[in-house]
Amino acid sequence: MAHKTEENQSNDNKYDTTFAADASVDQPPTTNTTTEAEYYEDDDDVAEVYKNEKADKELTNNHSANYCKENGKGNGNIVKYNRSDSGKKTQSLFEIVYEIIREKEQRTKEMGTLILLGGMTILFLMSLTGLFVMWFTQYYNNKMLENLILAKDSETAKSWINPNPKYDTLLKVHIFNYTNIHDYLHYKADKIKVEDLGPLIYKEHTTKVNVVYNDNHTVTFRDHRSYQFLRNRSTHDENVKILVPNVPFLAASVQVDKMNSFKRRFSISAIRSASGNPFYTLKARDYLWGYKDPILSMKNTFSSGDSRFGLLKNRNGTSVDSLQINTGEDDIRKFSTITQFNGKPLLDYWTDDECNRIDGSDPSMFPPHVVETREPLNVFLQVLCRKIPLQFEKEVTIYDNIDALRYRTPLNVFSRPEENPNNQCYCQNTTRCMPSGVINATKCYDDAPIYPSFPHFFSGDPAIYKDFEGIEPKQEIHQTYADVHPRFAFPISGASRIQINLALHKGELVRDKVKRFADGTILPLIWIEITSGDFTPEVIDTLYASTFGLNLIEYSLKYGTLLMSIVSFSLIVAGFYYLAKRRELTNDKILSAELRALSVDLSPMALSQLQQQQQHA
């Protein structure tokens, strides 16, 4: 028992010695411990490290107290080291280092942001390029216009050579029926009454034949037209009887007066025996498309000439005239410009080269660049053997929702040189310069006295028709106009109107039969109107897509690239500003954390804890 008591006493002394620093409030802590505690109180940055060490000590003290109770020594109360004087919140070394690592990871994230900004910069440059192309170049428009080029074997050329019948035009013919001409010739009437009979409407289908592609980006061809009479849309049947001027007989008067006296007498006798009436009755079909005329038959008795006469005979079938136009392959601005007429670059009908120029456009299509600038369009009309200008009037909407540009012929296009100096050269090599409103085209018709005008002598001098009743010129139905596609420059709608007249030459052949007429009287024969056909809903939808649809795409690209440029540039500026501010704040935080870390006393227990945290991480 004594031995056991001594052993217990020895153990008690052992524990008392081990925990002497914490067992008594009167006993001060060791020098090293006191110095460390005071250091911790003065440094807030390592407070967390001290808390962890303190927790370990309390665990050890509790263990010691329990031990003492079990061995009967002490009352189990262990005096704890109290640091209540320090109320500061401290940060562990691990958290300081973690904060440094976190900020560096943030820099890695910023690198990703920079890559994203790089992609946005590329997007900005692309949108800026698109902005320049769409706003300051004609690239988009030129790419669209490439569809017009008449390249050999292209789909456009195939459609031009043999167009779909759904695009056929309409030919509307009006015939001047001289209802009281016999009364007028016998002085029983004061004026000549003419009836505007019509329209007789025909569906006109035009193809290209004898097509030859040349090495200079031109194509040579002839028009081939065919007609189908539309009785249900016409005012009269083709077989209607009409009383009209005998054109072969009246035209022969000019030729007869050019003969020598012997030949003239013989010709006058033969012509009068064949057909001596200045006016006769015919069916409308024969008058327009041809009949075998006795005067022409007699003329061609010893030749192979055509004995048929019809005002529109040469229009039906293959044209006698050939055209050469530019295909637009080398320059779209030259597209559809006529370069040759019947194999010649200039006409030889007029005395001035300006009037002989043929560099107008085919009536079925115009150069797109001229339409863009709203410049006048020059149209070469074979029936007149000259160019006719069309001047821009206004923008219109047709077929409910299709935009077009309306062009009209000037009112002075057939005026005398005093009123229109551009017509001076059309009067210099003719025997007669006519009043305003008609043009001398005799050179174009082998000296036949043909004088074209607008229908009902619209915009002409009233003196021309002072002896007629039934001539009523009206702009809305007699002036030529064209509604042109604003981008592709082909006529969508419109009406090409021209009147064919005959100037009466009171020569020896006809003088006795037309005493009532004054020499040079203009006799209206017919007037024709060529319009677009009846477009199907499919065609109208196609036209709508080619106007509104392409414009919508263009505007979307223009304003889309503009918006994209503005947005992407704004985001780039904002992104770089954000990164700059973020980097500035990050650098301040890293510097502050590093300075705090350098001021920490890395005790063995703190280093051990840091290593464990890093291993867990």
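The values are calculated or read from the model by the stated rules, or taken from the named source; none is laboratory data. Quick caveat, the model's predicted, so the values are computed rather than measured. Virtual Cβ from ideal backbone geometry, glycine too; neighbours counted across all protein chains shown. Side chains are part of the model used for accessible areas, which takes the heavy atoms of the whole protein and leaves out ligands, DNA and RNA. Shrake-Rupley method; radii C 1.70, N 1.55, O 1.52, S 1.80 Å.
At a glance:
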read-out: Residue among VAL510, VAL539 that alone is out of contact with any Leu (no Cβ under 8 Å at 6 or more places or on another chain) and β-branched (Val, Ile, Thr); value: VAL539
read-out: Residue pairs meeting the criteria (Cβ under 6 Å; at least 6 apart or on separate chains; first in a helix (DSSP H, G or I), in the range 460-484; second hydrophobic (A, V, I, L, M, F, W, C)); value: ILE464/PHE457; ILE464/ILE522; TYR465/PHE457; TYR465/ILE471; HIS478/PHE454; HIS478/PHE458
read-out: Search result, residues across the range 227-244 that are outside any loop (DSSP other than H, G, I, E, B) and either open to solvent by less than 30 Å² (accessible area, probe 1.4 Å) or within 22 Å of ILE181 (Cβ to Cβ) (or both); value: LYS241, ILE242, LEU243, VAL244
read-out: Criterion violated by TYR287 - all others in (1) at pLDDT below 90; (2) in a helix (DSSP H, G or I); (3) within 12 Å of PRO248 (Cβ to Cβ) satisfied; value: (1)
read-out: Scan of the range 507-536 for residues that are β-branched (Val, Ile, Thr) and not in a loop (DSSP other than H, G, I, E, B), ordered by number; value: ILE522, ILE526, ILE528, ILE530, THR531
read-out: Near pairs, Cβ below 9 angstrom, 6+ apart or cross-chain, from the range 409-422 (under 11 Å from PHE454 (Cβ atoms) and of a type outside the set (Ser, Thr, Tyr)) to any residue that is at pLDDT below 90 and open to solvent by 20 Å² or more (accessible area, probe 1.4 Å); value: VAL413/ASN422
read-out: Filtered residue count, the range 144-175, keeping only those that are open to solvent by less than 40 Å² (accessible area, probe 1.4 Å), under 22 Å from GLU372 (Cβ atoms) and part of a helix (DSSP H, G or I); value: 3
read-out: LYS188 of a type in the set (D, E, K, R) and open to solvent by 40 Å² or more (accessible area, probe 1.4 Å); value: yes
read-out: The range 242-280, residues that are of a type in the set (Phe, Trp, Tyr) and under 23 Å from VAL194 (Cβ atoms); value: PHE249, PHE279, TYR280
read-out: Residues of the range 495-510 satisfying the condition of being in contact with a strand residue (DSSP E or B) (Cβ under 8 Å, 6 or more places away or on another chain) and open to solvent by less than 10 Å² (accessible area, probe 1.4 Å); value: ALA495, GLN499, ASN501, LEU502, ALA503, LEU504
read-out: All positions within the range 443-467 that are under 43 Å from the mean Cα position of the chain (by Cα) and surrounded by fewer than 19 Cβ atoms within 10 Å (Cβ to Cβ); value: LYS443, TYR445, ASP461
read-out: Residues that are open to solvent by 50 Å² or more (accessible area, probe 1.4 Å) and assigned to a helix (DSSP H, G or I), drawn from the range 245-266; value: GLN255, SER261, PHE262, LYS263, ARG264, ARG265, PHE266
read-out: Residue check, ASN214 within 28 Å of PRO163 (Cα to Cα), open to solvent by 30 Å² or more (accessible area, probe 1.4 Å) and free of Cβ contacts under 8 Å to residues at least 12 places away in the same chain; value: no
read-out: Qualifying positions in the range 290-332 - more than 30 Å from SER154 (Cα to Cα), of a type outside the set (S, T, N, Q) and part of a helix (DSSP H, G or I); value: PRO294, ILE295, LEU296, MET298, LYS299, LYS313
